[in-house]
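K.L.:
Structure in structure tokens, see below.
FYI, it's all coordinate maths here, none of it is from the lab. Remember, it's a predicted structure, so these values are computed and weren't measured experimentally. Using ideal geometry, Cβ is built from the backbone for each residue, glycine included, and neighbour counts are taken over all protein chains shown.
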Amino acid sequence: MNRSTRVLNLKPSPTLAVGAKANELRAQGHKILNLSLGEPDFPTPEPIRQAGQKAIEQGKTKYTPVAGIPELREAIAAFYHRHKGLNYNASNIVVSTGAKQSLYNAIMSVVNDGDEVIIPTPYWVSYTTQVELAGGTPVLVHSKMEDNYQLDLDALEASFTSKTKMLLLNSPNNPTGAVYTKESMQAVAEMLKKHPEVWLICDDIYDQLFYGDQTPVNPLDVEPSLRDRTILVNGFSKAYAMTGWRIGYIVAPKPIVKASIALQGAITSGTNAPTQYAALRALDESLNSTIQDMRETFRERLACMKETFGKLPRTTFSNPEGAFYMMVDFSRWLGTKTPSGNRLTNGVEMATYLLEEGHVAGVPGEAFGAPGTIRFAYSTNQETIQQAAKAIQNALEQLSE
Ligand SMILES: Cc1ncc(COP(=O)(O)O)c(C=O)c1O
């Protein structure tokens with residue numbers, strides 16, 4: 001029996017091999033120093049958990065409106081007003097089963113067969129997959145570690161064509177931790193003004209996790225006239241440690257809201273009801289300090305990453321300012337030989353070697369369009385980070401020319 005070409009065209013993730021190896025080593029009783037996960041290690045804060053439990057006990061376990069319960073949509077609008085000074089209301093918001101679904105709704109609402117979607121690299125792996133599922137073509141615009149993974153504005157400008165339908169930005173960025181400068185967002189806004197038919201998606205899921213001086217901004221923050229064609233994507237997984245609750249949302253113009261409701265109504269309907277009540281509690285201002293505490297812990301871990309990974313020979317990394325990831329460039333080690341005589345030729349092989357030899361798990365940059373690098377997540381404690389850096393150093397020292 002043949003399966004659909006849509007499904008057959010889905011590319012296997014380059015991370016699968018590393019993940020399978022990690023499981024194999026765990027099954028053999030090895031402790032894995034896991035710096036591969038895109039999720040905070042903190043438990044969901046107690047008041048949020050309690051709100052979810054209370055919702056279950058109170059019988060709030062029925063279908064909800066497809067776009068989400070009105071109280072939550074209103075709270076999201078109020079949150080955007082508080083944090084960004086943006087005036088939206090509940091009718092601009094659709095709550096979904098994770099920001100991943102929000103993104104999918106947004107992309108499916110806009111992209112037709114043959115449309116081009118501009119995506120800066122390195123990029124979160126689901127972007128290209130979702131664009132391709134919608135029949136679109138990802139157009140990748142490379143940014144470099146030596147530019148701290150800031151946007152290459154000339155390359156970006158040159159990537160617009162008559163087929164461009166959408167630009168997809170993510171700052172703070174997964175996998176690089178880059179926070180785009182305000183000046184670059186102004187430049188992007190100017191570019192978009194020259195292409196009035198192009199939609200903008202800002203995946204702002206890490207916008208509360210930043211450690212530099214600058215609060216993250218997107219082109220809409222600096223150019224309000226983009227509002228009618230900007231779709232803001234956000235969620236609760238990262239800043240509120242709610243990955244498994246599965247809840248995210250878009251803040252968008254009404255036509256996109258309408259399209260997202262139609263699409264979501266056809267596939268999943270409203271998001272899990274107790275989760276929506278938990279998210280409502282998460283947005284309560286009384287939780288601000290809890291969220292800040294988690295951010296401060298990430299800030300300390302980033303300092304620990306820079307200090308410990310800074311000692312690794314023949315490697316470089318950028319200066320991440322947000323999210324909880326750091327990309328480390330191992331390209332100067334490619335071509336060296338492992339103790340068992342294998343030559344390392346790419347980031348996947350390097351990540352596999354570090355896992356086998358050092359029991360450190362990272363995600364090879366090949367998954368994000370950044371070959372020769374490995375993404376390490378500091379969503380884990382400082383002791384694990386320190387042990388991982390040591391183990392990587394030992395493993396590197398065993399490589400020969
Ligand atoms: C950049 C980015 N966007 C969106 C998501 C999706 O988050 P969720 O579906 O858990 O809300 C993730 C999760 O890893 C991410 O890294």
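K.L.:
What net charge is computed for the residues neighbouring G372, neighbours being all others with C-beta under 10 Å from the C-beta of G372, Lys and Arg scored +1, Asp and Glu -1?
P.N.:
-1
K.L.:
A follow-up question, please. Per DSSP helix of 4 or more residues, -39500 (n - 2.57); summed, then divided by the residues of the chain. What does that give at 222 nm, rounded to the nearest 500?
P.N.:
Taking each H run of at least 4 residues, the total per residue is -12500 deg cm²/dmol.
K.L.:
Here's something else I'd like to know. Excluding same-chain residues fewer than 8 positions from K182, which lysines have a Cα within less than 17 Å of its Cα?
P.N.:
The qualifying lysines are K84, K193.
K.L.:
What does the charge count around P274 come to, taking other residues whose C-beta lies under 9 Å from its C-beta (Lys +1, Arg +1, Asp -1, Glu -1)?
P.N.:
+2
K.L.:
Sticking with this structure for a sec: Loop-only trypsin sites (Lys or Arg not before Pro) in the stretch 144-205, please: DSSP not H, G, I, E or B, and at most 16 other Cβ atoms within 10 Å.
P.N.:
Sparse-neighbourhood loop trypsin sites (Lys or Arg not before Pro): K144, K163.
K.L.:
Have a look at the DSSP beta bridges in the chain and tell me what percent are antiparallel, nearest 5.
P.N.:
For the chain, the DSSP antiparallel bridge percentage is about 50.
K.L.:
Excluding S289 itself, what net charge comes from residues whose Cβ is under 13 Å from its Cβ, given Lys and Arg +1 and Asp and Glu -1?
P.N.:
Neighbourhood net charge equals -3.
K.L.:
Could I ask something else about it? Just grab the label-to-label distance for S225 and E71, each label 7 Å out from Cα along the Cβ direction, in nm (one decimal).
P.N.:
About 4.2 nm, to one decimal.
K.L.:
Taking Cα centroids, how far is the stretch 1-69 from the stretch 302-323 in Å?
P.N.:
Centre-to-centre distance over Cα atoms comes out at 27 Å.
K.L.:
Here is a further query. Would you please name the GluC sites (Glu not before Pro) within the stretch 110-215 that are DSSP coil residues with at most 14 other C-beta atoms within 10 Å of their C-beta?
P.N.:
Passing sites in the stretch 110-215 are E197.
K.L.:
Can you find, among T315, Y325, S269, the residue farthest towards the positive end of the dipole of the chain? Put +1 on the C-beta of Lys and Arg, -1 on that of Asp and Glu.
P.N.:
S269
K.L.:
Restricting attention to the stretch 116-147, which chymotrypsin sites (Phe, Trp or Tyr not before Pro) occupy a DSSP loop and are surrounded by at most 13 other Cβ atoms within 10 Å?
P.N.:
Passing both the DSSP loop test and the Cβ count: no residue.
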